[in-house]
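Notes follow once the structure below has been shown.
The values are calculated or read from the model by the stated rules, or taken from the named source; none is laboratory data. These numbers were taken from a predicted model, which means no experiment stands behind them. Glycine gets a Cβ as well: all are built from the backbone with ideal geometry, and neighbour counts include every protein chain shown.
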Amino acid sequence: MTTFAPQSDYADWIHSLYLQVIGWDGLILLIVTVAMFLALLRYSTRSERVPAALPIHRDHTWLEVTWTVGPAIVLVAIAIPTVRTTFRSQPAVTPEDALVVEVTAHQWWWEVVYPELKIITANEIHLPAGRPVRFELHSADVIHSFWVPALGGKRDIIPGHVNAITVTPRTPGVYHGQCAEFCGLSHANMRLRVFVEAPERFAAWANQQVQPAAVPGRPAAVTTPGEAGARLFATSLCVTCHTIRGVASQRAGPDLTHFASRTTLAGGTLDNTPANLAAWLRDPDAMKPGAQMPSLGLTDTEVAQLVAYLGSLQ
Ligand code: CUA
């Protein structure tokens, strides 16, 4: 995660502002350092002829004017682009072709909804490059902060209030994000990934996400682990918190309809591998302290069945 490699218009503005401020700071540092060394040399007690220092209470009009007007000019030079960027980054009007993505922060994961595409996913946001996107930020519980450094500045997520941030991602790539406001025990485990893709790739992803959930195959008279896992899921506590379209429809936890199409699990902290999923199912709290998902006391066989089932949900 770095703010030094901006990949959106918004991130460019912040980056350019940063460089301007650093430029002024650098200039001041240079002036102060040069003045300090000149004074050190001129008034060194090692020197043979030490000039008498100026009495500090003597009036020195041009010097006083200089040290008042000089910093004032620098402050104005910083204020103008800052105010301009502030207004630019809070547009009153959202671009008409903007893709709306509703992001709901939960302790400790991100729910991602594309209302116009009817897609619900978690912790991973896919976006088409070059199209403005308007993130509408909701909180399900406490204050969080949405931050994907490559795409732009942080924006706080306040319960009972919808904040928004509009950016146009430019370069395809995977950009990491992180909740940037302390929100409890697993604040540090509240990560997200943004996949900026060429428009065709994004369309393919979107098309795949709206498909119904995969149903495990049913070879005659053989019960596959995936099939057993599907039955276990549908009859266990899983359905009281999660959605798998056609099976369960609760929103307390992430929508798992296309769970296997995601690269991560557990608030974006673990690679989505069978081993990590099994460890997560056995003891969520060990992987993400304070996790809202309880340990279900599953046997090894049950864990393997659920892993097989969830792993089939492409
Ligand atoms: Cu959510 Cu920190």
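Got at least one residue in the stretch 174-182 being part of a loop (DSSP other than H, G, I, E, B) and buried (at least 21 other Cβ atoms within 10 Å of the Cβ)? If you could, list the steps in order and put the result at the bottom.
Looking only at the stretch 174-182, we keep the residues that are part of a loop (DSSP other than H, G, I, E, B), and these are 179-182.
Now drop any that are not buried (at least 21 other Cβ atoms within 10 Å of the Cβ), which leaves 179.
Yes, the stretch 174-182 contains at least one residue that is part of a loop (DSSP other than H, G, I, E, B) and buried (at least 21 other Cβ atoms within 10 Å of the Cβ).
Select from the stretch 179-194 the residues that are hydrophobic (A, V, I, L, M, F, W, C) and either within 8 Å of the ligand (Cβ to nearest atom) or free of Cβ contacts under 8 Å to residues at least 24 places away in the same chain (or both) and list them in ascending order. First the steps, then the outcome.
Initially, the stretch 179-194 is screened for residues hydrophobic (A, V, I, L, M, F, W, C), giving 179-180, 182-183, 185, 188, 190, 192, 194.
Once the filter is applied, which keeps residues that are hydrophobic (A, V, I, L, M, F, W, C) and either within 8 Å of the ligand (Cβ to nearest atom) or free of Cβ contacts under 8 Å to residues at least 24 places away in the same chain (or both), the stretch 179-194 yields Cys179, Ala180, Phe182, Cys183, Ala188, Met190.
Return the residue satisfying two criteria in turn: it lies in the stretch 118-136 and is surrounded by fewer than 16 Cβ atoms within 10 Å (Cβ to Cβ) and of a type outside the set (Gly, Ala, Ser), and of such residues it is farthest from the chain's Cα centre (by Cα). Give the steps one after another, and end with the answer.
Let us first name the residues in the stretch 118-136 that are surrounded by fewer than 16 Cβ atoms within 10 Å (Cβ to Cβ), namely 118, 130-131.
Subset that is of a type outside the set (Gly, Ala, Ser): 118, 131.
On the way: Lys118: 22, Arg131: 18 Å.
By that ranking, first place goes to Lys118.
Looking at this structure, is Pro81 assigned to a helix (DSSP H, G or I) and free of Cβ contacts under 8 Å to residues at least 40 places away in the same chain? Let's see the steps before the verdict.
Details: assigned to a helix (DSSP H, G or I): yes; free of Cβ contacts under 8 Å to residues at least 40 places away in the same chain: no.
For Pro81, the condition - assigned to a helix (DSSP H, G or I) and free of Cβ contacts under 8 Å to residues at least 40 places away in the same chain - is not met.
Tell me the residue from Thr104, Thr121, Thr166 that is more than 16 Å from the ligand (Cβ to nearest atom), in a strand (DSSP E or B), of a type in the set (Ser, Thr, Tyr) and within 22 Å of Thr257 (Cα to Cα), please. Quick ask: steps written out before the conclusion?
Numbers: Thr104 fails: more than 16 Å from the ligand (Cβ to nearest atom); Thr166 fails: within 22 Å of Thr257 (Cα to Cα).
Criteria check complete, one pass: Thr121.
Among Ala221, Ala248, Ala252, Ala234, which is the only one that is crowded, with 17+ Cβ neighbours inside 10 Å, aliphatic (A, V, I, L, M) and at pLDDT below 90? Step through it out loud before you land on a result.
Working: Ala221 fails: crowded, with 17+ Cβ neighbours inside 10 Å; Ala252 fails: crowded, with 17+ Cβ neighbours inside 10 Å; Ala234 fails: crowded, with 17+ Cβ neighbours inside 10 Å.
Unique residue meeting the criteria: Ala248.
Go through the stretch 245-255 and give me each residue that's touching a His at 6+ places or on another chain (Cβ under 9 Å) and among the hydrophobic types (A, V, I, L, M, F, W, C).
Ala248, Ala252
Counting only residues that are part of a loop (DSSP other than H, G, I, E, B) and not small (Gly, Ala, Ser), which one in the stretch 137-153 is farthest from the ligand (Cβ to nearest atom)? Steps first, answer last, please.
Of the residues in the stretch 137-153, the ones part of a loop (DSSP other than H, G, I, E, B) are 140-143, 147-153.
Still in the list and also not small (Gly, Ala, Ser): 141-143, 147-149, 151.
Values: Asp141: 9, Val142: 7, Ile143: 8, Trp147: 10, Val148: 14, Pro149: 15, Leu151: 18 Å.
Per the stated criteria, the residue is Leu151.
Please give the number of the condition Ala92 fails out of (1) closer than 17 Å to Gly153 by Cα; (2) not in a helix (DSSP H, G or I).
It is condition (1) that Ala92 fails.
Considering only the stretch 194-204, how many residues are part of a helix (DSSP H, G or I) and buried (at least 17 other Cβ atoms within 10 Å of the Cβ)? Steps first, answer last, please.
Of the residues in the stretch 194-204, the ones part of a helix (DSSP H, G or I) are 199-204.
Now restrict to residues that are buried (at least 17 other Cβ atoms within 10 Å of the Cβ): 202.
Residues flagged as part of a helix (DSSP H, G or I) and buried (at least 17 other Cβ atoms within 10 Å of the Cβ) within the stretch 194-204 amount to 1.
Exactly one of these conditions fails for Asp156: (1) of a type outside the set (Ser, Thr, Tyr); (2) surrounded by 12 or more Cβ atoms within 10 Å (Cβ to Cβ); (3) touching a residue at least 24 places away in the same chain (Cβ under 8 Å); (4) away from the ligand (no atom under 16 Å from the Cβ). Give me its number.
For Asp156, the exception is condition (4).
When you check Thr299 against the structure, is it among the hydroxyl-bearing types (Ser, Thr, Tyr) and in contact with a helix residue (DSSP H, G or I) (Cβ under 7 Å, 6 or more places away or on another chain), yes or no?
On the way: among the hydroxyl-bearing types (Ser, Thr, Tyr): yes; in contact with a helix residue (DSSP H, G or I) (Cβ under 7 Å, 6 or more places away or on another chain): no.
Criteria not met by Thr299.
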